[in-house]
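Every read-out reported here was derived from the displayed coordinates using simple, explicitly stated rules and does not represent laboratory data. Because the structure is a prediction, the values reported are computed rather than measured. Here the Cβ is made from the backbone with ideal geometry for all residues, glycine too, and neighbour counts use every protein chain on show.
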Amino acid sequence: MATGPSGSASGSISTLIPGGPSVTAAPGMARARNPIWGFIVRRLLLGAFVLFLVSIVIFVATQALPGDTARAILGRTATPASLEALREQLHLNRPLVVQYLLWAGGLLRGDAGSSMAAQEPVTKLIGDRIINSAFLVLCAGLISIPLSVLIGSYAALKRDKSFDVAASLTTLVFAALPEFVVGVTLVVLFATTVLHVLPAVSLIPPGGRPWDEPIGMILPTLTLVLAVTPYVARIMRASMIEVLESDYVEMARLKGLSEWIVIRRHALPNALGPTFQVIALNLAYLAGGVIVVEYVFNYAGIGGALRDAVSNRDLPVIQAVALLIAGLYVVLNLLADIATILVTPRLRTRL
Amino acid sequence: MDDKSTLEQMYLRGNITRRQLLVGMGMLAAGLSMASVLAACGGSTTSGTGGGTPKKGGTFRLGVTGGGAKDIIDGQNIVTKPDQARLVAGFETLLVYDENYNLTNDGLAESVTQDKPDQWTIRLKQGITFHDGKTLSADDVIYSLQRMTDPKQGLFGTGGLGSIDPKNITKMDDRTVRLNLKQADSTIGEQMGQYYNGMVPVGYTRAGTQNGTGPYKVQSFTPGQQSVHVRNANYWRSGQPYFDQVTVIDFPDPSAQVNALLAGQLDAITDIPFAQVSVVKAHSGLAVLESPGGGWLPLCMAIDLEPFTDNRVRQAFRLMADRQAIVTQVLSGHGRVANDLYAPFDEGFASDLPQRHQDFAQAKSLLKAAGKDGMTVDLHTTDGAAGMVDVANVFAQQAKGAGITVNVKNDPNYYGDAYLKLAFSVDFWGTRNYLPQVANGSIPTAPYNECHWPPSGSNYLSLYKQALAEVDKTKRIALKHEMQKLEYDQGGYIIPFFNNLVDAYSTKVSGFKPSKGTLNLTSFGHGYRTIWFS
């Protein structure tokens with residue numbers, strides 16, 4: 001997770017932003033139906049294709065481990081018998097294409113294989129952890145998105161005033177700090193050294209759910225909120241300033257509309273378009289960035305499972321988690337594009 | 001003060017109960033050693049911090065690093081460090097090592113004796129029951145030994161029990177078992193004291209119910225996360241254990257573990273990062289427990305591969321190491337300088353051989369005599385165990401002083417095909433006594449003989465066989481001494497240090513004290529039965 005949250009929209013997203021290259025319209029589409037459905041179907045098919053490509057990349061990358069995979073996994077305790085058994089279990093004796101087809105075929109049937117370390121189905125091993133991680137990302141998203149939109153908009157309205165300057169400075173500082181620094185600082189402040197009011201780690205008992213003990217959620221959620229909010233707030237501010245300076249906002253003001261109506265009806269929807277893209281990227285980033293935060297707080301999520309799987313060279317788990325995160329990227333990008341289209345009438349007509 | 005008055009004093013001070021006093025007097029009368037009497041009296045010998053009378057109750061929460069999805073619970077096997085912490089709660093061995101790594105009969109057996117070089121007899125204590133209420137009997141011992149020696153099970157202890165003939169274990173009566181070995185072996189007693197050679201009931205499997213004789217029963221277990229153990233109400237040592245419940249929690253990150261201890265979410269943790277020792281010490285209500293461990297990271301010179309075929313080169317390399325500097329730089333001082341010999345807790349450890357020090361002048365002259373001065377050599381290592389890369393780098397730095405260039409090769413696939421075929425490499429080992437360690441790493445049949453020891457023509461192997469067959473302790477020690485002298489003079493190991501185990505705990509917990517051995521936290525409070533909340 002070396003890459004930080006990206007502040008700029010990129011890839012397929014730019015095609016939908018005003019000013020970007022135009023989206024090819026599907027001619028001959030039934031006008032009676034809402035064209036957004038056709039768009040969703042097309043994007044879902046595209047997403048499936050992307051996932052197919054990603055699955056090939058993941059498969060090839062995990063096969064490219066140096067040396068004999070079975071030996072790498074078993075390490076010093078390898079015996080000829082255990083090596084042979086593992087090669088058989090992983091189908092390492094079969095051609096690479098057959099190995100891929102066996103794996104991908106299993107995935108389509110909902111069978112991600114068995115963890116080699118735990119000797120359990122991957123789905124059972126990471127099922128609970130997916131729920132825990134998803135809940136953490138959800139909490140962070142529900143707090144950080146409205147918060148960043150508010151901060152960004154208000155800073156744009158109060159441009160160059162003290163709030164704007166303070167917000168710019170604060171968001172810049174938090175954007176520059178890696179989340180493990182933020183997390184460790186929060187632990188020192190609230191759990192171990194300065195105050196002793198919050199738990200330092202979240203100990204979710206197996207079979208339990210993170211929401212059973214909400215106090216343990218506070219610091220991990222806060223860390224993620226502090227990691228994501230600055231980016232979104234800064235994009236929201238930039239986008240809002242651009243919109244506030246546009247002709248149509250000036251026109252609306254000249255027509256004598258109240259400032260509240262100008263902002264709510266004309267400025268905000270147009271400023272939100274680019275912001276949705278950044279929110280989606282940051283939420284997708286959260287799914288990966290959550291690994292660091294889970295490590296700091298000993299939170300039982302997919303991050304812990306992935307870290308453990310990498311150190312055990314547990315290929316089926318690594319492949320499943322990598323594909324899951326890739327899938328999340330595809331879905332979040334789709335949602336962001338749909339939201340952008342819904343708030344941007346120009347794009348709707350082009351569908 | 002004689003033993004009886006020691007017991008009386010302990011009774012008067014309130015360290016033991018009247019019942020324990022009477023039991024102890026009886027045991028003394030029966031001719032048992034004071035150490036085992038005290039241990040049987042329960043906890044009083046281990047009142048390290050806090051002290052006072054043990055109190056019942058509470059949930060003890062332990063954090064352990066080094067676990068993951070590989071975690072298991074098995075009365076006779078471990079894969080990860082948390083496995084150790086879980087095994088000792090539920091399972092016990094026939095003999096037990098005390099705080100000074102002396103073997104005692106404070107375990108499930110009344111005695112484990114070598115009758116003849118190739119024959120041992122095990123006599124069980126009376127009235128010990130498993131968690132399900134069944135009495136521990138000779139049949140369970142036979143089943144346990146057969147499972148331990150079954151190569152198909154892939155158990156941790158199997159390698160050290162090669163002399164046991166699983167088909168030749170005889171039940172003499174309900175509490176007595178006789179082993180007729182395939183060959184003479186004086187180490188069976190030591191093996192029966194290894195924590196991973198636990199006694200399990202007939203029919204035991206890892207996948208089935210976890211049923212042992214230990215102080216706690218397993219209530220729940222999720223690999224990589226946590227396990228909950230509840231008090232065994234029918235435990236055979238009277239009064240013990242003290243906690244109602246023990247929770248063992250996996251931590252991937254040692255810093256998170258320290259934070260949880262600082263925040264009061266845990267009562268004890270294993271293996272704190274050296275950098276955090278001062279943080280923990282400065283915190284009121286917490287204490288650091290540093291115990292002398294027996295783990296070691298050797299630099300291994302293969303005696304039959306260039307440039308190490310010449311013993312002068314091996315001696316020169318051993319003289320290039322500044323061991324104290326290695327302890328300081330690799331272990332932050334949390335270890336003891338070693339002398340190229342292993343098994344520091346063995347009855348026959350050759351501590352009288354002179355300590356080697358760095359001596360560049362002599363190293364250079366030895367290398368010159370061998371025609372190898374100014375040479376370059378590759379040192380292979382990997383991130384297999386903590387410190388393996390550091391020790392290679394520090395040694396390479398030190399070797400420059402003798403004009404030798406050591407290139408450190410950090411190979412992620414080190415334990416692949418090249419392992420055990422390298423001229424110069426780093427490896428890792430845990431605590432073992434001398435002869436069991438030899439069986440694992442220093443004879444041609446050993447699975448991990450990095451140095452390809454012994455040299456052809458050496459009488460090392462015949463000394464080893466004699467030591468295995470020797471029933472007399474004094475004679476056996478003399479033989480082990482002779483073997484160690486050979487390794488000290490001609491061997492391929494450079495052993496810079498033995499590491500310490502550095503743990504931390506809340507001072508609310510009493511009963512921890514530094515102890516020699518393999519396991520952290522006073523062998524996890526001997527299965528969480530000699531520690532309590534004060």
Using modelled amide H (1.01 Å from N, peptide plane; none on Pro or chain starts), what sits under 5 Å from the amide H of residue B:378, excluding residues fewer than 5 places away? B:407
What dipole magnitude, in Debye to the nearest 20, does chain B give about its Cα centre under +1 on Lys/Arg Cβ and -1 on Asp/Glu Cβ? 900 debye
Alpha carbon centre of the range B:248-311 versus the range A:185-203: separation in Å? 23 Å
FRET efficiency for residue A:264 and residue B:219, Cβ-Cβ distance as r, R0 = 56 Å, nearest 0.05? 0.45
In whole Å, how far is the Cα centre of the range A:265-286 from that of the range B:420-439? 59 Å
Listed by chain and number, the residues whose amide H is under 5 Å from that of residue B:71, excluding neighbours fewer than 5 places away on the same chain and using placed H, are B:224
Any idea what Rg and Dmax come out to for the protein assembly as shown if you just take the C-alpha atoms, in Å? 32.5, 110
Residues listed by number, the range A:159-177, amide nitrogen under 14 Å from residue A:245 label point at 7 Å toward C-beta: A:159-160
Pop a pseudo-label 7 angstrom from the Cα along the beta-carbon direction at both residue B:386 and residue A:209 and give the gap in nm to one decimal. 3.7 nm
Globularity index of chain B, i.e. its alpha-carbon radius of gyration over 2.2 N^0.38 Å: 1.00
Distance in nm between residue A:36 and residue A:108 label points, each 7 Å along Cα→Cβ, equals 3.2 nm
Relative contact order for chain B, counting Cα pairs under 8 Å that sit 6 or more residues apart, in percent: 21 percent
What is the range B:198-246's relative contact order, in percent, from Cα pairs under 8 angstrom and six or more apart in sequence? 28 percent
The range B:59-131 and the range B:446-496 have their Cα centres apart by a whole-number Å value of 28 Å
Calculate, for residue B:207 and residue A:181, the FRET efficiency according to 1/(1 + (r/R0)^6) with r their C-beta to C-beta distance and R0 60 Å; round to the nearest 0.05. 0.85
Might you report the magnitude of the Cβ-based charge dipole of the range B:155-242 about its Cα centre, with Lys and Arg at +1 and Asp and Glu at -1, to the nearest 20 debye? 220 debye
With a 27 Å threshold on alpha-carbon distance, the violating pairs from B:70/B:217; B:134/B:508; B:81/B:182; B:134/B:171 are B:134/B:508; B:81/B:182
With label points set 7 Å from each Cα along the Cα-to-Cβ direction at residue B:376 and residue A:335, the distance between them in nm comes to 5.7 nm
Please quote Rg/Rh for the range B:116-253 to two decimal places, taking the Kirkwood radius as Rh and restricting both calculations to Cα atoms. 1.00
What translational D, rounded to a whole number of µm²/s, comes out for the range A:241-289 from Stokes-Einstein when the hydrodynamic radius is the Kirkwood one over Cα pairs, at 20 °C and 1.002 mPa s? 177 µm²/s
At R0 = 56 Å the Cβ-Cβ FRET efficiency linking residue B:126 and residue A:88, nearest 0.05, sits at 0.70
